[in-house]
1. Looking only at the stretch 215-229, how many residues end up being at pLDDT 90 or above and exposed (fewer than 15 other Cβ atoms within 10 Å of the Cβ)?
2. How many of the residues in the stretch 230-264 are in a strand (DSSP E or B), surrounded by 14 or more Cβ atoms within 10 Å (Cβ to Cβ) and either within 42 Å of the chain's Cα centre (by Cα) or small (Gly, Ala, Ser) (or both)?
3. Just to check your reading of the model, which residue among 8, 68 is at pLDDT 90 or above and either more than 21 Å from residue 149 (Cα to Cα) or buried (at least 20 other Cβ atoms within 10 Å of the Cβ) (or both)?
4. What is the residue count in the stretch 170-187 for residues that are in contact with a strand residue (DSSP E or B) (Cβ under 6 Å, 6 or more places away or on another chain) and in contact (Cβ under 8 Å) with a residue 40 or more places away in the chain?
5. Answer yes if at least one residue in the stretch 119-138 is within 30 Å of the chain's Cα centre (by Cα), at pLDDT 90 or above, within 16 Å of ligand 2 (Cβ to nearest atom) and among the β-branched types (Val, Ile, Thr), and no otherwise.
6. Has the stretch 321-333 got any residue that is acidic (Asp, Glu) and under 47 Å from the mean Cα position of the chain (by Cα)?
7. Pairs please, first residue from the stretch 143-156 and within 16 Å of ligand 2 (Cβ to nearest atom), second anywhere and at pLDDT below 75 and in a loop (DSSP other than H, G, I, E, B), Cβ atoms under 9 Å, 6+ apart in sequence or on different chains.
8. Being touching a Gly at 6+ places or on another chain (Cβ under 6 Å) and in a strand (DSSP E or B) is the filter here; which residues of the stretch 265-309 pass it?
Amino acid sequence: MKDYYAILGVSREATQEEIKKAYRRLALQHHPDRHPGDKEAEERFKEINEAYAVLSDPEKRAQYDRGLLGTPEYSAQDLFDLFAQVFGFQTGRTAPRGEDLEAQVEVELQDLLTGKEAELTYTRLVPCEACQGQGGKRVACPTCGGRGMVETYRQGLFGAFVSRSTCPHCKGQGHLLAEACPTCRGRGRVPREERVRVRIPPGMDENHLLRVPGYGNLGPGGPGDLYVRLSLRPHPHLERQGVDLIYRLRIGLAQAALGARVEIPGLSGPIPLDLPPGTGHGEVFELPGEGLPHPGGHGRGALRVVVELSVPKKLSPKAKELLRAYAAEVGEEVAPEGFWERVKGFFRK
Ligand SMILES: [Zn+2]
Ligand SMILES: [Zn+2]
């Protein structure tokens, strides 16, 4: 049987305080982070933790003193948990961080040109003031005696060993609620409306999430983060496509055939565009540098003008006459005058 007193360098009469002090000094000295790759130091660190696990627990110490305790075997995770507990580090098991949250901020396309400071309102969980986040009156868990861990003695090949696991009764919290707080109904947290100012960077992508550290739900291990999603208000003329913008330009028959000077409503103001004669439906004109800024980079994307040929549904008698003359001139065969009116009249009968 290992001599746990010798391992910690304390007498058999040592007080809990002396044992803890010796453990702290030795555990720091032999921590594997200080001796990378040193197997001997690692073994020594394990022994020190094992010794402390037994001697720091009065019940187990008494059993050990009477020679009734077999060699306990702790997993590496248990030993590091013990170390973290003594040195007051937050471990995931004992003090969970608050949950991350997601919120949406609505901006105009225009705002993405220069970026924008936006304020948003959202709800997060914060500790209940009525019970100071305790959830109500607490009592120590009778199953684990407030330690949050339970130990099971098992018979292994080389003698009895101890396995430690999270207490199933209190789920590792070490306490139970005797009386739930009426304000938070025992949850320990209440929803609170919060306001936060965020800086929307120029050209921010809608699929990108903006992280605001520390603005998530508050948990015992600290707050989670807030992730802000962008929502673009629809623009009357322009559509977004990454860093590019799309404008659908409707032109008439004569403009398409003869060419025209048109004005494109760009994000930074109107842009003149010369359409050459013979511009077809679906043709695209690219205006470089008139799109959105590249996020975090230099320059801007392009504004793409997509031509849509607009064919008139109603024509004046004069316009009809001119189009017939045009058709005759270029040899295009068209429906004879009054043909469609007669067809429609036939179906109406
Ligand atoms: Zn418990
Ligand atoms: Zn409460």
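The values are calculated or read from the model by the stated rules, or taken from the named source; none is laboratory data. Note that this is a predicted model, so its numbers are computed, not measured. A quick note on method: Cβ atoms are made from the backbone with ideal geometry, for glycine too, and the neighbour counts reach across all protein chains shown.
1. 1
2. 12
3. 8
4. Total meeting the criteria: 8.
5. The answer is yes; a qualifying residue exists.
6. Checked against the condition, which is being acidic (Asp, Glu) and under 47 Å from the mean Cα position of the chain (by Cα), the stretch 321-333 yields no hits at all.
7. Qualifying pairs under 9 Å: none.
8. Correct list: 275, 293, 300, 303.
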